[in-house]
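Shown next, in C-alpha cells, is the structure this report addresses.
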Amino acid sequence: VDITDPRIEKYLKKLAPEGDPLLLEMEDLALGRGFPIVDRLVGRLLFVITRLKKPRLVVELGSGFGYSAYWFARALPEGSTVVLTDRSEENIGRARQTFEQAGMAQKAEFRAGDALDIAREYRDIDILFIDMDKRDYPRAVKALIPHLAPHALIIADNSLWYGRMLEGVNDEETRGIEEFNRLMAGHPEFFTSIVPLRDGVLISLKVA
Ligand SMILES: C[S@@+](CC[C@H](N)C(=O)[O-])C[C@H]1O[C@@H](n2cnc3c(N)ncnc32)[C@H](O)[C@@H]1O
C-alpha cells in the first residue's frame, strides 16, 4: 500500500533541495545498498520538531549509519547530544566518520550494541526516536517511558508499515507495529499524532 500518492511524494521531494554533500552521500549509500533510512522528507520533519523542542538529550534506537541522527544533530542547540545506537559496529563506525567530517562529532555519542540496553543507561530523554526492529517497538517503549523527561516526545518511523495491517499480514513485525500504535494512541500519559509521510511517522507528546 502506498501511504501517499507517489506523485505527491515526488512533488514534495522536488520542494526539498539539499546542498550538504555528506547528506547526499548518505542518501546515495542508502539507495545503493537498499538500506532503509528515514529519507529527506522525514529528516526535514525531524529537523523542524527538534528546532521547536530544543532537546538536551535525543536517544535513537536503531541509527544505521547515522542519517536520521545527522538531521537531529543539525537542529540541536549548542551543548545538546544525540545518542546513536546500532548493533552493527560497522554502521556506528561509519556514522562517527561522517559526523567527524561534518564537525558535529561533539554533539553525538556513538554506541554499538543492543539499542534498548544502551538506552536504559540514560535518564531525562527529551526525544526518543524509534527505528529499530519493528517487533521490538512495544517492548522498547514500555521499558523506556520511565526514562523520559517531562514533556518528552516519542517519534517512531514506519508507524504505518506499508499498510500491512490493512492487508491482513500477521507476522511479528506487523503485530509489533499494531500493538505499538494502539499502545501510544490509547496511552493516558501521551497525546499522539501519526503523520502519513513516507511510511508513517508517529509523534507522541508526554502530557502527564
Ligand atoms: C531502519 S535502520 C535505521 C535507519 C536510521 N534510523 C536512519 O534513518 O538513518 C534500522 C537499524 O536498526 C538496527 N537495529 C535493529 N534492532 C536493533 C537493536 N535491538 N539494537 C541495536 N540496533 C538495532 C539495525 O542494525 C539497523 O541498522
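The values are calculated or read from the model by the stated rules, or taken from the named source; none is laboratory data. If you're wondering where the values come from, they're calculated on a predicted model, not measured in any experiment. Using ideal geometry, Cβ is built from the backbone for each residue, glycine included, and neighbour counts are taken over all protein chains shown. All accessible areas refer to the heavy atoms of the entire protein, side chains included, with ligands and DNA or RNA removed. Shrake-Rupley method; radii C 1.70, N 1.55, O 1.52, S 1.80 Å.
Using amide H atoms built 1.01 Å from N in the peptide plane, name the residues 5+ places from ARG56, or on other chains, whose amide H lies under 5 Å from its own.
Sorted by chain and number, the residues that satisfy this are ASP126.
Of the residues LEU153, LEU31, LEU57, which exhibits the maximal mean-square fluctuation in a Gaussian network model of the chain defined by a 10 Å Cα contact cut-off?
Of the options given, LEU31 has the highest mean-square fluctuation.
Dividing the convex hull volume of the Cα atoms of the chain by its residue count, what figure in Å³ per residue is obtained?
117
Using Cα positions and a limit of under 28 Å, work out the lysines in reach of LYS142, with same-chain residues fewer than 8 apart set aside.
Output for LYS142: LYS53, LYS54, LYS107, LYS134, LYS206.
For the range 9-94, what is the accessible area per residue in Å² when the probe is 1.4 Å?
It amounts to 48 Å² per residue over the range 9-94.
Can you pull the Rg over Rh of the range 79-139, Cα-only, Kirkwood?
On the Cα set of the range 79-139, Rg over Rh gives 0.97.
For ILE194, ILE92, write out the residues from largest to smallest accessible area, computed with a 1.4 angstrom probe and no ligands counted.
Largest accessible area first, the residues go ILE194, ILE92.
Springs between alpha-carbon atoms under 10 Å, Gaussian network over the chain: tell me which of VAL59, VAL83, VAL169 tops the mean-square fluctuations.
VAL169
If you take all C-alpha pairs in the range 120-208, what percent of them are over 14 Å apart?
Percentage above 14 Å: 62.
Tally the DSSP beta bridges in the chain and give the antiparallel ones as a percent, rounded to 5.
Looking only at bridges with both residues in the chain, the antiparallel portion is about 40 percent.
Mind putting a number on the dipole of the range 1-82 about its Cα centre? Charges go on the C-beta only, +1 for Lys and Arg and -1 for Asp and Glu, and I need it in Debye to the nearest 20.
That gives the range 1-82 a dipole magnitude of about 340 debye.
Probe radius 1.4 Å, ligands and nucleic acids ignored: give me the carbon and sulfur share of the accessible area of the range 1-160 as a rounded percent.
51
Pick from ASN158, ASN170, ASN181 the residue whose mean-square fluctuation is largest in a GNM of the chain, springs joining Cα atoms under 10 Å.
ASN170
Per-residue HN-Hα couplings for the range 167-177, Karplus 6.51 cos²θ - 1.76 cosθ + 1.60 at θ = phi - 60°, whole Hz, x for Gly and Pro?
Each residue's phi maps through the Karplus curve to give 9, x, 5, 10, 9, 4, 5, 5, 4, x, 5 Hz.
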